[in-house]
Amino acid sequence: MTLRSYSRLGLRLAAAGLGAALPLFTAGRALAQSCAMCGSSFGENDPVSRAFSWSILFLMATPYTIVGTIAAVLFYLHRRAPGRRRASVIDLGKAARLVRRRLAERGGDLA
């Protein structure tokens, strides 16, 4: 593919992305409304509606916080388990001497 075909592909992808995002931006306000009862029963700047919004936020955040905390604790316990074996660092100089010694015992040549 040439540079020109890449730029055409980029323009097509940008146009497709803009075409897909445009309806979401225009309909954002309508999609963000709550149920019909909650949206019509409270006024624009009613403190009850703001409190209602905060309560929904806390109700949604609590399960994710609990599950995330449990996952983090399990991950920490798994990583710090006392019997867990760690990979050892291989000393390449020592390994090379061992290989040379075994080859010398067999009468072989390293090269």
message: Out of everything in the stretch 71-89 that is at pLDDT below 75 and among the basic types (Lys, Arg), what residue ends up being surrounded by the most Cβ atoms within 10 Å (Cβ to Cβ)?
response: Arg84
Those residues of the stretch 90-100 which are modelled with pLDDT of 85 or more and exposed (fewer than 10 other Cβ atoms within 10 Å of the Cβ), in sequence order: Leu92, Gly93, Lys94
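The values are calculated or read from the model by the stated rules, or taken from the named source; none is laboratory data. Model, not experiment: these values are computed from the prediction. No Cβ is skipped: glycine too gets one built from the backbone with ideal geometry, and neighbour counts run over all protein chains shown.
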